Amino acid sequence: MPHAQSALVGAIEEVTGSYHQPLNEVYAAVFIEAIVVKVRDGQVRAHCRHAGPT
């Protein structure tokens, strides 16, 4: 199991190393507003319905 532990430690160090990188000036953001409803039509299905302003 030492190999698995060293692989895990290496992966954690790779992720935490990115915490110290400088931030970009602009980040894109997308907001999606919807509601998920369950519809019974012979079987129950989940449908996503737009809930934002029209």
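Bear in mind that the values in this text are calculations on the coordinates, not laboratory data. None of the values given here were measured: they were computed from a predicted structure. Reconstructed Cβ throughout: ideal geometry from the backbone, glycine too, with neighbour counts over all protein chains shown.
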Exercise for the section: State which residue pairs qualify: first residue surrounded by 10 or more Cβ atoms within 10 Å (Cβ to Cβ) and inside the range 18-42, second residue of a type in the set (Ser, Thr, Tyr) in any location, beta carbons under 8 Å apart, and separation of 6 or more residues or different chains. Expected result: none
Problem - Complete set of residues in the range 15-54 that are part of a loop (DSSP other than H, G, I, E, B) and touching a strand residue (DSSP E or B) at 6+ places or on another chain (Cβ under 6 Å) - result: Ala51
